[in-house]
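I have placed the structure first, in the form of structure tokens, so that the comments after it can refer back to it.
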Amino acid sequence: MKRILVGAMVLVLAGCSTVQSKDVRTSGITATYVVTLPETTDVADVSASYRVGTLTFIELGDGESVTSSGGGKDVQLKHHKSAGVTDYDGQLDGVVTAGTEVTFTLTRGSGDDSAPKSTVKLPERVKLTAPQTGTTYSRRAAIPVRFDSGPSDQSSLLSWAGDCVQSGSLPLEPGRTEVSIPPGSLRPITGTPTPGRKPTTTCQVTVMLTRRTEGTLDSAFKDGSITAQSESTRLITSAP
């Protein structure tokens, strides 16, 4: 199943294309802004991408730029292109305090509208304290999950994925800092076995806790999204 999903992703990326921004009005752009707070460093990773339609990305031209600012810091995002996807990224050093407002500003030439104010507030950071990386759990047993976080009225999402189990998730209501993944929640992947090859029943599984906030996109855009998220991950082993 993983091969099928990877193959489908490759086909999607192969279908991506890039156009120059001079060919697209701001009112026709779908913008995606993401702020990510890693658990191990005191930086905010910021990224931006622009599309027209679903698979056509936009590359900014001369005199155009996208910057991000917050907490008294600002950075001009750098162009990056890989596997057909064009985006812009950077870092805001030390900008990790919950409630800090981060702003993205798209500056365009005189012939089109700029989009100077897409904003989102940072969530409280989360850090998993259990399970520990490297531990092994039977799928017939519960997996205790605990995490540290400051007071927050925001919900969180616990998710998991691995080569031998189906992906899944559990929503956690605000204020909750512990939960157990019930026995049997990590379900083995089922599919047509490969002749002569024994199915993998034990594998590494990534457990991820995410807390996300949504912001307000500048009205100059057609549509899109702006989010800020705190993430914490642990790599465990899942066995029958």
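The values are calculated or read from the model by the stated rules, or taken from the named source; none is laboratory data. Keep in mind that what you see is a predicted model, and the values were worked out from it rather than measured. All Cβ positions, even for glycine, are placed from backbone atoms using ideal geometry, and neighbour counts span all protein chains on display. Surface accessibility is based on the protein's heavy atoms, side chains included, excluding ligands, DNA and RNA. Shrake-Rupley method; radii C 1.70, N 1.55, O 1.52, S 1.80 Å.
Counting residues in the range 161-181 that are open to solvent by 40 Å² or more (accessible area, probe 1.4 Å), of a type in the set (S, T, N, Q), over 30 Å from L122 (Cα atoms) and free of Cβ contacts under 8 Å to residues at least 60 places away in the same chain gives one or more. Could you list, ordered by first residue, the pairs with Cβ atoms under 6 Å in which the first is in the range 44-62 and over 17 Å from V34 (Cβ atoms) and the second is part of a loop (DSSP other than H, G, I, E, B), at least 6 apart or interchain? Final answer for the pair search is V52/V24; L55/G15; L55/C16.
For the range 193-228, a residue qualifies if it is assigned to a strand (DSSP E or B) and either β-branched (V, I, T) or open to solvent by less than 20 Å² (accessible area, probe 1.4 Å) (or both), and the qualifying residues are C203, V205, T206, V207, L209, T210, R211, T213, T216, I226, T227, A228. Checking the range 166-187 against the condition returns no match, with no residue being under 16 Å from the mean Cα position of the chain (by Cα), closer than 29 Å to A130 by Cβ and hydrophobic (A, V, I, L, M, F, W, C). Of the numbered criteria (1) open to solvent by 50 Å² or more (accessible area, probe 1.4 Å); (2) more than 16 Å from V35 (Cα to Cα); (3) of a type outside the set (S, T, Y), the one G109 fails is (1). The set of residues in the range 122-160 being buried (at least 16 other Cβ atoms within 10 Å of the Cβ) and in a strand (DSSP E or B) consists of V126, L128, Y137, I143, V145, F147, S149, S156, L158, W160. Look at K121 and say whether it is without any contact (Cβ under 8 Å) to a residue 60 or more places away in the chain, out of contact with any helix residue (DSSP H, G or I) (no Cβ under 7 Å at 6 or more places or on another chain) and of a type in the set (K, R). For K121, the condition - without any contact (Cβ under 8 Å) to a residue 60 or more places away in the chain, out of contact with any helix residue (DSSP H, G or I) (no Cβ under 7 Å at 6 or more places or on another chain) and of a type in the set (K, R) - is not met.
In the range 20-41, the qualifying residues are those that are of a type outside the set (S, T, N, Q), within 20 Å of D89 (Cβ to Cβ) and at pLDDT below 95, and the one that is least open to solvent (accessible area, probe 1.4 Å) is P38. If you go through the range 90-112 and pick out every residue that is modelled with pLDDT of 95 or more, part of a loop (DSSP other than H, G, I, E, B) and not β-branched (V, I, T), you end up with 4.
So, in the range 42-55, of the ones that are of a type in the set (D, E, K, R) and more than 23 Å from D112 (Cβ to Cβ), which residue ends up surrounded by the most Cβ atoms within 10 Å (Cβ to Cβ)? Within the range 42-55, the match that is surrounded by the most Cβ atoms within 10 Å (Cβ to Cβ) is D45.
For the range 60-89, the set of residues classified as within 22 Å of the chain's Cα centre (by Cα), open to solvent by 30 Å² or more (accessible area, probe 1.4 Å) and modelled with pLDDT under 95 consists of H80, K81, S82, A83, V85, listed by residue number. Of the set (1) under 30 Å from T177 (Cα atoms); (2) touching a residue at least 24 places away in the same chain (Cβ under 8 Å); (3) within 20 Å of the chain's Cα centre (by Cα), all apply to T40 but (2). Looking at the structure I just gave you, is S238 among the small types (G, A, S), open to solvent by less than 50 Å² (accessible area, probe 1.4 Å) and either in contact with a helix residue (DSSP H, G or I) (Cβ under 7 Å, 6 or more places away or on another chain) or at pLDDT 95 or above (or both)? Yes, satisfied.
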